[in-house]
Structure formats: C-alpha cells, structure tokens
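This report refers to the structure that appears directly beneath it.
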Amino acid sequence: MAPGMNTLLNYHHFYYFWVIAQEGSIAAASKKLRLAQPTLSTQLKQLEDSLQVNLFERKNRQLVLTDSGRTALEYANEIFSLGREFLATLQGWHPSSRPTISIGVIDVFPKLLTYKVLEPLTNSGLDVLICCIEGKRRDLLTQLATHELDIVLSDAPVPSDMLIQAFSHHLGDSGTLVCGTRAMALKARKKFPTSLADFPLILPTRNTMFRREIDTWMEKVGIMPNIKAEVEDSALMKVFAQHKTGLVFLPETIAKEATKSFELTPVGALPEIRENYYLISLEKKLKNPLATLVSDNAHERLFQ
C-alpha cells in the first residue's frame with residue numbers, strides 16, 4: 001500500500017506548507033499567518049509524518065524543497081488556485097454580493113447572548129450575511145489563525161499555551177441569577193443563598209470559566225452542592241431546569257429573556273459570580289467595520 005493511503009490529507013497543515021514554500025522560510029510564513037514559528041514547525045512535521053516524506057531539507061541554513069516537496073507544491077498551487085476560483089464563482093453567483101462576516105462561537109457561549117451580541121448586524125438595516133460556526137475553542141481559534149473566521153466569541157481570552165498571535169477584546173461581564181420552576185424557586189428563596197445546598201443544581205461543565213467561578217464562590221461560602229447535572233449547552237441547561245431537574249445559574253444579561261422563554265422564576269442574584277465575554281480577532285485594534293459594530297454594541301448596550 002502506498003504511503004499515507006490510510007490518512008486523509010490535513011488541509012490546514014497543507015496550507016501552512018504552501019505558505020512556507022511561497023515565503024521561503026518558517027519565519028516569514030509565521031508573520032504572514034500570524035502564527036508562532038514553533039507552531040508552524042510542529043504542524044509541518046505532522047504533515048511530513050502523515051505523508052511519510054520530507055518536504056524540505058536544510059541547505060546553508062535555508063529551507064529547500066525536496067523532490068517530494070516540489071511535487072507537493074505543484075498540487076498545492078492547483079488546489080488553492082481552484083479554491084480561490086471556487087470562492088470567486090460563488091461570490092459572482094450571489095445575487096447581491098453583500099458583505100459577509102464569519103463568526104466562530106465557542107460552544108459554551110450562551111445562545112441567547114450570541115444573538116444579542118450580534119443583534120446590530122440583523123436589525124441595523126445593513127444587508128449583511130452572517131455565518132456562525134459553533135465549535136470547540138482550539139478548533140475555532142485555529143480557523144481564525146488561518147483566516148477562515150473573522151472573529152470568535154468566547155467566554156475566555158486566548159489560552160496562554162496556544163501559540164497564535166490573536167487579541168482578546170473584552171466585551172463585558174455579567175452577574176449571575178439563580179432560577180428554577182416557580183415551586184422550586186419559591187422554596188429556595190428562603191435563606192438564600194445557603195438554601196442552594198438543599199436543592200439539586202444544574203451546572204455548566206467543568207471546562208468553562210463560568211463553572212470555575214461558581215465552584216470558587218461555593219467553596220468560599222461553604223456550600224456543598226448537590227449537582228444533578230453538568231451540561232455544556234446553555235440552552236439545554238434551561239430545558240433541564242424547565243422540567244424540574246434543578247436550579248440553574250444564568251448570566252443576568254440574558255436572565256429576563258431566558259426566564260420568560262423557559263418559564264423559569266428567579267430565586268436570587270449572585271453579583272459576585274461574574275461571567276466574562278470576549279471577542280477574539282487577529283487585530284489588536286479592530287479594523288473590520290462589522291466586528292467594530294458588534295464590539296460597540298456590547299460595550300454601549302449589553303454591558304454598560
């Protein structure tokens with residue numbers, strides 16, 4: 001069997017190879033891609049390992065394409081040329097050729113808050129095509145680094161161990177409101193917040209910043225929680241609460257709409273538990289006017 005027949009080509013890594021070959025060095029490619037040099041070196045090595053060939057060799061401290069590398073570059077030129085042609089064809093076919101913004105949304109970012117953050121793009125009268133992609137933090141930040149996404153909405157800044165040159169723009173933060181069904185909420189109001197120890201709780205999963213804030217607060221006030229469910233999807237958490245599974249912790253920013261939509265009743269506010277929200281971009285100062293509109297809306301209306 002030919003080398004690599006059992007491995008699908010990783011097009012992210014192949015794109016990095018293409019840029020390195022065009023720029024002539026990893027250092028030059030890292031500036032163009034806004035990725036750290038160790039990240040590029042690692043992903044180039046992963047591509048070579050998957051293909052079971054060396055694409056470059058070092059001569060006089062310079063990267064030189066091997067025979068396999070020259071073959072790979074020919075295919076890369078054709079593949080990415082076809083990609084540009086494909087996009088141009090779609091844009092030419094589109095009846096309005098209207099501006100488009102591609103937004104990555106971290107899967108734990110509250111759905112209702114996503115809409116409220118992006119609301120100026122839908123209600124401003126602008127003819128904008130909004131492309132929202134939900135996913136895991138590292139996957140979306142990788143897509144941002146390769147310019148597949150314009151911005152990413154996140155509950156945390158760029159991780160320090162992720163070697164990409166991206167900037168975290170703080171949109172704001174929100175206190176917390178505990179909610180549940182009317183019967184459960186009325187009982188839990190007595191001796192709140194210590195009463196939380198007596199009720200089943202629906203909490204975010206442990207990989208979220210919001211959950212860490214909740215855990216820190218509970219430990220501080222001495223509450224031993226009765227955790228009934230740990231749920232990653234914010235909308236599903238509210239469905240669990242609606243069906244009497246337990247009490248749920250909601251950001252105050254969306255609590256009014258959420259309690260109405262899911263027929264929940266507030267128990268009490270916990271302003272000391274804060275959830276932060278970020279817009280992540282490749283630009284230290286936002287230049288995309290649509291991204292600026294989103295950021296300004298968050299600062300002026302949502303988190304004033």
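The values are calculated or read from the model by the stated rules, or taken from the named source; none is laboratory data. Everything numeric here is computed off the predicted structure, so don't read it as measured data. Neighbour counts are summed over all protein chains in view; Cβ atoms, including those assigned to glycine, are modelled from backbone coordinates with ideal geometry.
Here is how the numbers come out for the structure above:
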{"item": "Selection within the range 118-133 - surrounded by 16 or more Cβ atoms within 10 Å (Cβ to Cβ) and within 20 Å of Glu148 (Cβ to Cβ)", "result": "Leu118, Leu121, Val128"}
{"item": "Residue in the range 5-13 that is crowded, with 16+ Cβ neighbours inside 10 Å, of a type outside the set (S, T, N, Q) and farther than 18 Å from Glu78 by Cα present", "result": "no"}
{"item": "Failed item, numbered, when Ala145 is tested on (1) out of contact with any Leu (no Cβ under 6 Å at 6 or more places or on another chain); (2) surrounded by 15 or more Cβ atoms within 10 Å (Cβ to Cβ)", "result": "(1)"}
{"item": "Residues of the range 127-162 satisfying the condition of being hydroxyl-bearing (Ser, Thr, Tyr) and either in a strand (DSSP E or B) or within 15 Å of Met209 (Cα to Cα) (or both)", "result": "Ser154, Ser160"}
{"item": "Residues (out of contact with any Leu (no Cβ under 7 Å at 6 or more places or on another chain) and closer than 20 Å to His299 by Cβ) located in the range 101-123", "result": "Pro110, Leu112, Leu113, Tyr115, Leu118, Glu119, Thr122, Asn123"}
{"item": "Residues of the range 276-304 satisfying the condition of being part of a helix (DSSP H, G or I), hydrophobic (A, V, I, L, M, F, W, C) and under 17 Å from Ile101 (Cβ atoms)", "result": "Leu290, Ala291, Leu293, Val294, Ala298"}
{"item": "Residue satisfying all of: in the range 8-33; more than 14 Å from Leu65 (Cα to Cα) and charged (D, E, K, R); modelled with the highest pLDDT among these", "result": "Lys31"}
{"item": "Where a residue in the range 153-169 is in contact (Cβ under 8 Å) with a residue 60 or more places away in the chain and its partner, wherever it lies, is among the charged types (D, E, K, R) and assigned to a loop (DSSP other than H, G, I, E, B), with Cβ under 6 Å and at least six apart", "result": "Gln165/Arg34; Phe167/Lys284"}
{"item": "Selection status of Lys284, in contact (Cβ under 8 Å) with a residue 24 or more places away in the chain and crowded, with 19+ Cβ neighbours inside 10 Å", "result": "no"}
{"item": "Filtered residue count, the range 163-186, keeping only those that are part of a loop (DSSP other than H, G, I, E, B) and assigned by TED's automatic domain parsing to the domain that holds His147", "result": "3"}
{"item": "Residue match in the range 226-237 (condition: surrounded by 17 or more Cβ atoms within 10 Å (Cβ to Cβ) and in a strand (DSSP E or B))", "result": "yes"}
{"item": "The one condition in (1) more than 24 Å from Phe249 (Cβ to Cβ); (2) not in a helix (DSSP H, G or I) that Val105 fails to fulfil", "result": "(1)"}
{"item": "Residues (surrounded by 15 or more Cβ atoms within 10 Å (Cβ to Cβ) and part of a helix (DSSP H, G or I)) located in the range 108-117", "result": "Lys111, Leu112, Leu113, Thr114, Lys116, Val117"}
